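Written out below as structure tokens is the structure these notes cover.
Readers should treat all values here as calculations from the given coordinates under stated rules, not as data from a laboratory. These numbers come from a predicted model, not from an experiment. All Cβ positions, glycine included, derive from the backbone under ideal geometry; neighbour counts span all protein chains shown.
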Amino acid sequence: MTQVRLRQIRKQYADGTEVIHGVDLDIHDGEFMVFVGPSGCGKSTLLRMIAGLEDISGGELHLDGMLANDIAPAKRGLAMVFQSYALYPHMSVFDNMAFSLKMAGQSKVSIESAVQKAAAILQIEHLLDRKPKDLSGGQRQRVAIGRAIVRQPKLFLFDEPLSNLDASLRVQMRIELSRLHQELQTTMIYVTHDQVEAMTLGQRIVVFNGGRIEQVGKPLELYEKP
Ligand code: ADP
Ligand code: ADP
């Protein structure tokens, strides 16, 4: 659970173009927030600034009330899941999920337990010995999510995680992500250009356009016609 506060956040890339123009937003503890909008509107840039993967050009990012603009990504207590699965190809599923915990020096027993627990949540226990190349797209994405879960982040960031999956798998994964959120009760920020995905996943939705927030609200508030 993490509370995220954005105040007048701006982003100017090195070539001089400003792509985020002063965004104010509060994301509550445990909330599932979706950023939606057309390609190029700046959703992903904003998410990467929250993750610390992109410098903030102006304004303030607060995580749990603490100014976080200059906190290193690894110290922000978050985990990010990308569109491309970025699994280590030579490692088994188990080792992919265990890797960050091994790096952090956790004991074998606690690593084993964390991986088993995450695998159970994602229903991939039977795949732990496989290599990524022997998995389907949906299974790979589950492993990528599993790698994030084992670290018990207080904040999950998803950048178009389902875009590479076919339509029926996307529907299934949406249901699983909602279930995951209910189970973990962790703050989640989810970027998509897909309005259906935004409507089904978001407790609240932020609609972006041209580097600005156009609307913020619950799904029905945004799309219901008077
Ligand atoms: P979205 O996620 O909504 O598709 P992005 O955040 O990826 O949008 O991109 C927002 C804008 O910033 C786009 O116009 C994109 O071309 C531009 N942009 C992204 N990365 C860079 C970069 N490294 N340098 C310059 N412009 C960039
Ligand atoms: P290492 O000696 O390389 O640290 P371990 O002795 O922990 O590894 O385990 C040997 C290998 O067995 C690991 O690399 C891992 O791929 C696999 N492994 C360990 N536990 C499990 C498990 N519960 N399910 C599937 N594979 C596992």
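Here are the numbers:
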read-out: C-alpha long axis of helix 108-122 to longest principal axis of the chain, angle in °; value: 60
read-out: DSSP bridge pairs, the chain: antiparallel proportion in percent, nearest 5; value: 50
read-out: Gaussian network model of the chain, Cα within-10 Å springs - most flexible of K117, K11, K75; value: K75
read-out: Kirkwood hydrodynamic radius of the stretch 72-192, Cα pairs, Å; value: 14.5
read-out: Estimated D of the stretch 4-137 in µm² per second, where Rh is the Kirkwood radius over Cα pairs and Stokes-Einstein applies at 4 °C, 1.567 mPa s; value: 74
read-out: Most fluctuating residue given options I50, I71, I189, as computed from a GNM of the chain linking Cα atoms under 10 Å; value: I71
read-out: Alpha-carbon Debye profile of the stretch 64-114, log10 I(q)/I(0) at 0.24 Å⁻¹; value: -1.02
read-out: Alpha carbon centroid spacing (whole Å) that separates the stretch 13-48 from the stretch 80-103; value: 26
read-out: Anisotropy class of the stretch 124-226 from Cα gyration tensor, a/c 1.5 cut; value: prolate
read-out: Per-residue [θ]222 nm for the chain (sum of -39500 (n - 2.57) over DSSP H runs n ≥ 4, rounded to 500); value: -10500 deg cm²/dmol
read-out: Cα shape, the stretch 14-86, gyration tensor, a/c 1.5 rule; value: rounded
read-out: Only Lys, Arg (+1) and Asp, Glu (-1) charged, at Cβ; the chain dipole about Cα centre in debye; value: 460
read-out: Acute angle (nearest 10 degrees) that the helix 137-149 long axis makes with the longest principal axis of the chain, alpha-carbon atoms; value: 80
read-out: Space enclosed by the convex hull of the alpha-carbon atoms of the chain, per residue, Å³; value: 131
read-out: Cα-based shape type of the stretch 168-226, given that a ≥ b ≥ c are square roots of the gyration tensor eigenvalues and the cut on a/c is 1.5; value: prolate
read-out: Given K11/K102; K75/K108; K102/K131; K117/K154; K43/K131; K117/K218, the pairs whose alpha carbons are separated by over 25 Å; value: K11/K102; K43/K131; K117/K218
